[in-house]
Ligand code: PMP
């Protein structure tokens, strides 16, 4: 059990990411102390099913001895080696090669980062260098999609299109442009998939014309928008957007920080979309959250253009901890687990999760159930026909989060009354069923709250 003094230390000194600082001073932290499989234990000894895999990252589940052993062995043998210049280490080389085998098409070149935000930052740097190498440095404008999330760094936060990451921070930057989201549940063009695709294609074309086709460097998408509330595009949307980019020779960047490593079924969601991005970012499931690591995949074309552009000079982009050997060793051990059955289990459990959550569609609070594989969300409404959101002042998703926590389930509370799910791929059938049952109970309790509607 944790002493209250630890909570006080946290309150006094630890600044929490994406939290209300004043709110946190009042509530203090909910601390976790241990975890195994898909279950986490909090400081009060209360066990919970982790329906969100930490921050949609612990894809393999907690406490795998093989991962712990791989990290320990690497810490003993060689805890650090720089990847700078032409130095390196065995696990980094092996991991890059194995990842290239899993990546779609000719994404054969892997640049390691510490997480997703610096992976996105790296793609912006690489895109600029790519166009500089082709003698078109004026291609310096970037487009992304409303409701998208591409990290919290100074550059990525501007590609991100969520107000809380912009307001007060001077974001977005003037070279960062947006088009509307495909958000089928609340789309002005209605719910017809083809109408949504056509509208997005038209809007992207218009945006490119507005900026100037010879000014646009790259376009960013998430195969499923994550932090915006698990917003799934209609089938064919991603490939339609890819085709527009190819018409104009614009780099297409797929941000697979969440959707990588079996989260939606395939190893990467781009594979199912039938596209090969020019660059692809990933993180989270790469090391299953055990240690930090992210990656950028570069196509042969992007890699060779930058390499030729730099010639004998260094491509001046790097982090002290790029290709960290301990992270790479963990990545290899986690890949073994995925390939050894977790990817397959994730596909089966994803079908069960989606079917289970669909069964909640009859609940009075449930307006929309969406997702793919082990990535899903429920959007709550007051009136199903009118799709009226629950009053924001009642913080409905946070209420469900609190109820679920008390019922032994961790979910994610998004703005607009959206509850998110991204359980570890190692879940059993019983655990998936418990996630659904505990959600129903938590929704019932929220419905009974007099001031929530
Ligand atoms: N891109 C996407 C699509 C993400 O979901 C995230 C994180 N949730 C990031 C980038 C940033 O990753 P990180 O938090 O590891 O910096």
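Couple of notes before you dig in:
- When each of the peptides 347-356, 322-331, 41-50 is scored by how many other beta carbons lie within 10 Å of its residues on average, the order from highest to lowest is 322-331, 347-356, 41-50.
- Packing, taken as the mean count of other beta carbons within 10 Å per residue, orders the peptides 285-291, 253-259 from highest to lowest as 253-259, 285-291.
- Gained length - residue 406 relative to residue 195, 0.36 nm times residue gap less alpha-carbon distance: 71.7 nm
- Förster radius 51 Å - calculated FRET efficiency between residue 78 and residue 21 (Cβ-Cβ, nearest 0.05): 0.85
- Segment residue 173-residue 13, extension gain: residue separation times 0.36 nm, minus the distance between their alpha carbons: 54.5 nm
- Tensor-based shape of the range 291-411 (alpha-carbon gyration tensor, a/c under 1.5 rounded, otherwise prolate or oblate): prolate
- Simple label model, 7 Å out from Cα along Cβ direction - residue 205 to residue 385, nm: 3.8 nm
- Computed over the range 319-448: relative contact order in percent, which uses C-alpha pairs under 8 Å that are six or more apart: 25 percent
- Debye intensity ratio I(q)/I(0), log10, the range 98-175, q values 0.17, 0.19, 0.21 Å⁻¹ (C-alpha model): -0.78, -0.92, -1.03
- Inter-probe distance in nm under a simple model that places probes 7 Å from Cα toward Cβ, at residue 98 and residue 314: 3.0 nm
- Rounded to 5, percent antiparallel among DSSP beta bridges of the chain: 65 percent
- Antiparallel DSSP beta bridges within the range 81-323, percent to nearest 5: 40 percent
- Averaging the sequence gap over all C-alpha pairs within less than 8 Å and six or more residues apart, then dividing by the number of residues, gives the range 81-323 a relative contact order of 29 percent.
- Rg to Rh quotient for the chain, alpha carbon positions, Kirkwood Rh: 0.96
- In the range 81-323, the convex hull through the Cα atoms has an average projected area of 12.8 nm², a quarter of its surface area.
- Contour excess over end-to-end distance, with Cα ends at residue 449 and residue 339 and 0.36 nm allotted per residue: 35.1 nm
- Separation of alpha-carbon centers, the range 399-426 and the range 82-118, rounded to whole Å: 33 Å
- For the range 159-233, relative contact order (Cα pairs under 8 Å, six or more residues apart, normalised by length) works out to 27 percent.
Every number here is computed from the coordinates shown, using simple stated rules; none is lab data. Values in this document were obtained by computation on a predicted structure and should not be read as measured data. As a convention, Cβ positions derive from the backbone with ideal geometry for all residues, glycine included, and neighbour counts pool all protein chains shown.
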